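Working notes, structure below.
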Amino acid sequence: MRWATKSTWIRIAVLFGIYLLVPAAWFGVSRVSDSMEIVKSLAFLILLAINPLLAMGFGAWDGAKEGFSLLWLLAPFVCFLAPMYLFFNDSALIYGVGYSLLGFVAHGVGAFIHTRRVQRA
């Protein structure tokens with residue numbers, strides 16, 4: 001088990017950046033859109049589909065490349081805190097917990113693949 005490598009921190013920083021950019025784009029759309037249905041639909045798409053997929057994708061990628069790290073237990077949650085307070089509200093906090101759980105499980109799968117690959121070599 002490792003704590004983190006430079007590439008792990010880069011992946012986490014990119015995840016944080018995307019977590020900020022996606023709701024920022026949604027916020028921009030919501031300012032010019034006349035339809036509240038579209039605005040709400042996009043918010044739920046971000047919270048229930050895009051962010052979980054990002055957490056799982058980056059977690060699995062890091063696990064497959066670098067191996068297992070406990071850092072991924074908290075990284076998606078911490079990355080979600082700023083966008084949550086900027087674009088959503090406190091009620092979205094539970095989503096951050098879900099992102100961390102999904103990201104950590106995906107990271108574990110990626111680390112398992114990494115271990116299998118290393119054992120074969």
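A few points about this structure:
- Nitroxide proxy distance, nm - points 7 Å out along Cα→Cβ at Ala25 and Leu53: 1.1 nm
- When +1 charges are put on Lys and Arg Cβ atoms and -1 charges on Asp and Glu Cβ atoms, the dipole computed for the stretch 6-120 relative to its Cα centre reaches about 540 debye.
- Labels on offer are [x] 23, 17, 13; [y] 27, 15, 14; [z] 31, 12, 12, and the one holding semi-axes √(5λ) of the Cα gyration tensor in Å computed from this structure is [z].
- The stretch between Asn89 and Val109, if pulled fully straight at 0.36 nm per residue, gains 4.1 nm over its current Cα-Cα span.
- Ordering Val97, Ile50, Trp3 by the projection of their Cα atoms onto the charge dipole of the chain, which places +1 on the Cβ of Lys and Arg and -1 on the Cβ of Asp and Glu, puts Trp3 at the extreme positive end.
Here, each number is a calculation from the coordinates, and none is a lab measurement. Everything quoted here is computed from the prediction, not taken from an experiment. FYI the Cβ positions are ideal-geometry reconstructions off the backbone, even for glycines, and counts take in every protein chain you see.
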